[in-house]
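Engineer: Let me begin by handing over the structure; questions about it come next.
Coordinate-derived values only; no laboratory data. What you see is a predicted model; the values in this text were computed from it and never measured. FYI the Cβ positions are ideal-geometry reconstructions off the backbone, even for glycines, and counts take in every protein chain you see.
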Amino acid sequence: MESIILQFFEQIRCPACTQIFAFFSLLGEGGPVALCAILFYWLGGKTGELLAVVTVTSFPVNSLLKTAVSRPRPYAAGVVSRLDFDTPLCSTRDLGDFVSFPSGHAQSTSALLFAFSVRKRKKSITAVCMLCILLIALSRLYFGVHYPSDVLAGALLGMLLAALWAAVYEKAYEKRFYLLAALGAAALVGFALLPAHDNVMPTGLLAGVAAFLPLSALYAPPLPRSCRKYFRIVVGAAAAGAVFALCLLFPDGDGFSLLRYFLAAGGATAGAQALFRLLKI
């Protein structure tokens with residue numbers, strides 16, 4: 001059945017469909033999802049913190065599962081051909097051939113958008129979020145880089161993580177940092193057991209957020225109601241970017257790369273909040 005579904009998408013490939021699905025595939029890339037999460041964190045108060053936590057939790061869970069399962073992608077198994085698409089923002093090249101399950105695009109976007117819809121509790125927002133998740137998942141089938149079961153598992157896992165974190169923020173808000181610390185430690189242990197290069201960034205980001213988010217919460221200023229709050233985007237980006245730029249001086253190696261992302265997460269959380277307080281924004 002999965003082969004039939006993938007072959008259907010292979011048959012409908014055309015330039016117009018490729019552009020449409022490339023757009024939605026781009027929305028599910030790790031960079032845009034992480035960017036949305038950090039913007040929500042800087043501008044969204046309690047909801048923003050939840051979305052950031054859900055996102056950084058989803059990344060290493062997905063990466064470790066991919067490494068552990070090592071399922072070949074459909075094109076690598078000869079089920080369908082891969083649609084060769086390469087732009088600076090979205091590409092089907094240079095993908096790992098044995099990291100098909102679960103889909104990172106489906107998992108990360110469903111985690112972020114489902115958590116957002118749960119917090120907002122509006123039918124219109126939920127409908128738009130579910131439609132975006134569906135189209136992002138279908139884009140991965142269209143390009144021939146995931147099986148239907150990959151995107152289904154990724155979407156369900158992302159929603160499960162979102163639901164669990166939403167419950168924590170609603171019923172055990174004071175204990176959220178203990179759970180986050182436990183997950184950060186577990187991610188580091190998982191990386192030690194499965195030290196794949198693809199696990200470096202997600203592990204470093206989760207460990208960094210787990211370490212620095214409690215510190216930033218101690219002195220985070222209230223969110224301004226005026227347009228001044230949008231200065232947080234520039235200031236926060238400068239804080240995170242400056243820390244990451246300094247970390248580029250570190251030697252090469254996965255250990256130092258993990259430390260880079262760990263400290264960059266600190267710049268985006270504790271460092272940014274310190275500047276927000278200093279500048280009263």
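Engineer: From the phi of every residue in the stretch 141-156, what ³J(HN,Hα) in whole Hz does the Karplus formula 6.51 cos²θ - 1.76 cosθ + 1.60 yield, where θ is phi - 60° and glycine or proline is x?
Structural biologist: 6, 4, 7, x, 9, 8, 7, x, 5, 5, 6, 5, 5, x, 5, 5
Engineer: Another question about this same structure. Let me know the charge dipole size of the chain about its Cα centre in debye, to the nearest 20, where only the beta-carbon of Lys, Arg (+1) and Asp, Glu (-1) is charged.
Structural biologist: 1340
Engineer: Something else: Checking the a/c ratio against 1.5 first, then a/b against b/c, what shape does the Cα gyration tensor give for the stretch 129-210?
Structural biologist: Oblate shape, in that a/c is at least 1.5 and b/c is the bigger or equal ratio.
Engineer: Sticking with this structure for a sec: As I understand it, the dipole of the chain uses +1 on the Cβ of Lys and Arg and -1 on the Cβ of Asp and Glu, about the Cα centre. Which of Leu156, Pro72, Gly45 lies farthest toward its positive end?
Structural biologist: With unit charges placed on the Cβ atoms, the residue in question is Gly45.
Engineer: Put +1 on the Cβ of every Lys and Arg and -1 on every Asp and Glu Cβ in the chain; which of Pro15, Leu259, Ala196 then has its Cα farthest towards the positive end of the dipole?
Structural biologist: Leu259
Engineer: Using each residue's phi in the stretch 185-191, evaluate 6.51 cos²θ - 1.76 cosθ + 1.60 at θ = phi - 60° and report the 3J(HN,Hα) Karplus result to the nearest Hz, with x for Gly and Pro.
Structural biologist: Whole-Hz 3J(HN,Hα) from phi for the stretch 185-191: 5, 5, 5, 5, 5, x, 5.
Engineer: Still on this structure, I have one more. Let me have the 222 nm mean residue ellipticity of the chain computed from DSSP H runs of 4+ only, each contributing -39500 (n - 2.57), with the sum over all residues rounded to the nearest 500.
Structural biologist: Here the helix-only value at 222 nm equals -23500 deg cm²/dmol.
Engineer: Right, another one. For the stretch 1-155, calculate the relative contact order in percent as a whole number, restricting contacts to Cα pairs under 8 Å that are 6 or more residues apart.
Structural biologist: 33
Engineer: Taking the inverse of the average 1/r across all pairs of different Cα atoms in the stretch 199-261, what Kirkwood radius in Å do you get?
Structural biologist: After inverting the mean inverse Cα-Cα distance, the result is 13.5 Å.
Engineer: Which is the longest part of the chain that has none of the trypsin sites (Lys or Arg not before Pro) sitting in a DSSP loop with at most 16 other Cβ atoms within 10 Å?
Structural biologist: Of all site-free stretches, the longest is 123-224.
Engineer: Using 7 Å Cα-to-Cβ label points, what is the Val79/Thr126 separation (nm, one decimal)?
Structural biologist: 3.1
Engineer: Check Val99: other-chain or 5+ apart residues with amide H under 5 Å from its amide H, H built from backbone geometry?
Structural biologist: Residues meeting the amide H criterion: Arg73.
Engineer: With +1 assigned to the C-beta of every Lys and Arg and -1 to the C-beta of every Asp and Glu, and no other charges, what is the dipole magnitude of the stretch 69-121 about the Cα centre in debye, to the nearest 20? Please list the in-between numbers first.
Structural biologist: Values: 7 positive and 4 negative charges, 90 e Å.
Dipole of the stretch 69-121, to the nearest 20 debye: 440 debye.
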